[in-house]
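Report on the structure given below.
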Amino acid sequence: MHLEQLRLFAELVNHGSYTKTADVLGVSKAYISKQIKALESDLKCQLLLRNTRSMRLTSAGATLNERAQKLTSFWQETQQLIQRQEEELEGVVRFTAPTGLMQSALFQLVEVTHKMYPGIELVCETGNETHNLVSEPYDFAIRITNTPPQDMVAVNLMTSNYVCCASPKFIAEHGQPTVPAELNDFSCISLFYWRNWSFMESGKHAEVSVNPKYQFSDNSLLKQASLAGLGITRLPKYLIEEELAAGSLVPILKDYQGESRDVYLLYPQDLNRSERVKRILNVVKQCFAQD
């Protein structure tokens, strides 16, 4: 840990600001600040004098910086020797992602990797389980959440809007609700762990706890059941854009804005991330930037 703190300190001095250092290293400013404070605490002295506009070394900081720069140079040379495989862009990259996102926007990741980085093997676990990215062997995760974990680097990729919808067949046979409170008068299809559906109208929030006739653990099954005319469901728009355009699914409660959640790219604070992982992270960001 001290080695990483010394390297962070050296990089901070070289770049002259917390913001630039965080951008270059791919970590958060809060992480850098925490590690520098821990280093100062262990050394029992102040290393930096900082205000809103500038930062300068104390005498102790200048002494430490001279040693830290030598240590950083040694570390970089050693790293280059042992990471030849990483630099050749070969090996496995493991990640987790929701099934629907993997089938839509993220499938470009597989195609681009196959074309540009043939030496990289992708291993993706799809589903709804939240994995620990520190204790489990995953390089990153794609998650749909409005509260990303504070101990991870979190990159907001997009906002996922949810749409209430049903098939034309269901609407012709059963009609459709005009207000959210009427949803329980109809057959509903829901994720078993997310039965509270939220809506907004004219700045007012409404939430309905639906009593679904059918419950599943995956959005793709909700979509399939709705297409079969089994009821009303709520799905992320990215998953049903083609069906909405074709008219095989019809949005309902259009006067109400459905719930939205953010899609985040999450990965651990790691100063020594392999080149192959860096390349794949960039491809993920590009996939969503194009959308």
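The values are calculated or read from the model by the stated rules, or taken from the named source; none is laboratory data. Keep in mind that this is a model prediction, so the values were computed, not measured. Cβ atoms come from the backbone with ideal geometry, glycine included; neighbour counts cover every protein chain shown. These accessible areas exclude ligands, DNA and RNA; they are computed on the full protein's heavy atoms, side chains included. Shrake-Rupley method; radii C 1.70, N 1.55, O 1.52, S 1.80 Å.
Select the helices (runs of 4 or more DSSP H) contained entirely in the stretch 98-184, then report the ones holding at least 1 residues which are modelled with pLDDT of 95 or more.
Result: 168-174.
Any residue in the stretch 204-230 that is without any contact (Cβ under 8 Å) to a residue 60 or more places away in the chain sitting within a Cβ distance under 7 Å of a residue that is open to solvent by 70 Å² or more (accessible area, probe 1.4 Å) and basic (Lys, Arg)? List the pairs, counting only those 6 or more apart or interchain.
209/195; 210/195; 212/195
Every residue in the stretch 1-36 that is open to solvent by 30 Å² or more (accessible area, probe 1.4 Å) and over 28 Å from the mean Cα position of the chain (by Cα), please. First the steps, then the outcome.
Our first condition is that a residue be open to solvent by 30 Å² or more (accessible area, probe 1.4 Å); within the stretch 1-36, this holds for 1-4, 6-7, 13-17, 19-20, 23-24, 28-31, 34.
2, 3, 6, 13, 14, 16 - these are the residues of the stretch 1-36 that are open to solvent by 30 Å² or more (accessible area, probe 1.4 Å) and over 28 Å from the mean Cα position of the chain (by Cα).
Mind checking which residues of the stretch 86-95 are in contact with a helix residue (DSSP H, G or I) (Cβ under 9 Å, 6 or more places away or on another chain) and either assigned to a helix (DSSP H, G or I) or modelled with pLDDT of 90 or more (or both)? Full working, then the answer.
So the first thing to find is which residues in the stretch 86-95 are in contact with a helix residue (DSSP H, G or I) (Cβ under 9 Å, 6 or more places away or on another chain), and the list is 86-93, 95.
Result: 86, 87, 92, 93, 95.
Looking at 101, 64, which is the one that is open to solvent by less than 60 Å² (accessible area, probe 1.4 Å) and touching a strand residue (DSSP E or B) at 6+ places or on another chain (Cβ under 7 Å)? I'd like the intermediate steps shown before the answer.
On the way: 64 fails: touching a strand residue (DSSP E or B) at 6+ places or on another chain (Cβ under 7 Å).
The match here is 101.
Could you tell me whether any residue of the stretch 145-165 is of a type in the set (Gly, Ala, Ser), touching a residue at least 60 places away in the same chain (Cβ under 8 Å) and either touching a helix residue (DSSP H, G or I) at 6+ places or on another chain (Cβ under 6 Å) or open to solvent by 30 Å² or more (accessible area, probe 1.4 Å) (or both)?
Of all residues in the stretch 145-165, those of a type in the set (Gly, Ala, Ser) come to 154, 160.
Cutting the leftovers down to touching a residue at least 60 places away in the same chain (Cβ under 8 Å) gives us 154, 160.
Subsequent filtering for residues that are either touching a helix residue (DSSP H, G or I) at 6+ places or on another chain (Cβ under 6 Å) or open to solvent by 30 Å² or more (accessible area, probe 1.4 Å) (or both) retains 154.
Yes, because at least one residue in the stretch 145-165 is of a type in the set (Gly, Ala, Ser), touching a residue at least 60 places away in the same chain (Cβ under 8 Å) and either touching a helix residue (DSSP H, G or I) at 6+ places or on another chain (Cβ under 6 Å) or open to solvent by 30 Å² or more (accessible area, probe 1.4 Å) (or both).
Quick check, is residue 142 closer than 22 Å to residue 217 by Cβ, crowded, with 17+ Cβ neighbours inside 10 Å and under 27 Å from the mean Cα position of the chain (by Cα)?
yes
State all residues of the stretch 238-271 that are in contact with a Phe, Trp or Tyr (Cβ under 9 Å, 6 or more places away or on another chain) and within 30 Å of residue 28 (Cβ to Cβ); if no residue qualifies, say none.
Passing the criteria: 259, 260, 261, 263, 265, 266, 267, 268, 269.
Being closer than 15 Å to residue 229 by Cβ and either assigned to a strand (DSSP E or B) or open to solvent by 80 Å² or more (accessible area, probe 1.4 Å) (or both) is the filter here, so list the residues in the stretch 185-206 that pass it. Full working, then the answer.
In the first step, residues of the stretch 185-206 are kept if they are closer than 15 Å to residue 229 by Cβ; the result is 186-189.
Within the stretch 185-206, 188, 189 meet the criteria.
Residue by residue through the stretch 184-206, note down the ones that are of a type outside the set (Ser, Thr, Tyr) and over 18 Å from residue 236 (Cβ atoms).
In the first step, residues of the stretch 184-206 are kept if they are of a type outside the set (Ser, Thr, Tyr); the result is 184-186, 188-189, 191-192, 194-197, 199-201, 203-206.
Residues satisfying the conditions are 184, 185, 186, 201, 203, 204, 205, 206.
Which of the residues spanning the stretch 37-60 are free of Cβ contacts under 8 Å to residues at least 12 places away in the same chain, part of a loop (DSSP other than H, G, I, E, B) and open to solvent by 80 Å² or more (accessible area, probe 1.4 Å)? Working first, answer last.
Here is the first cut: in the stretch 37-60, the ones free of Cβ contacts under 8 Å to residues at least 12 places away in the same chain are 37, 40-41, 44, 49-54, 56, 59.
Still in the running and part of a loop (DSSP other than H, G, I, E, B): 44, 51-54.
Scanning the stretch 37-60 gives 44, 51, 52, 53.
When you check residue 100 against the structure, is it over 15 Å from the mean Cα position of the chain (by Cα) and either of a type outside the set (Val, Ile, Thr) or closer than 22 Å to residue 257 by Cα (or both), yes or no?
Numbers: over 15 Å from the mean Cα position of the chain (by Cα): no; either of a type outside the set (Val, Ile, Thr) or closer than 22 Å to residue 257 by Cα (or both): yes.
Judged against the criteria, residue 100 is not a match.
Quick one: in the stretch 1-35, of everything that is of a type in the set (Val, Ile, Thr) and in contact with a helix residue (DSSP H, G or I) (Cβ under 7 Å, 6 or more places away or on another chain), which residue is nearest to residue 63 (Cα to Cα)? Please lay out each step first, then the result.
Our first condition is that a residue be of a type in the set (Val, Ile, Thr); within the stretch 1-35, this holds for 13, 19, 21, 24, 27, 32.
Still in the list and also in contact with a helix residue (DSSP H, G or I) (Cβ under 7 Å, 6 or more places away or on another chain): 13, 19, 21, 24, 32.
Details: 13: 12, 19: 24, 21: 20, 24: 24, 32: 20 Å.
Among those residues, the one meeting the criterion is 13.
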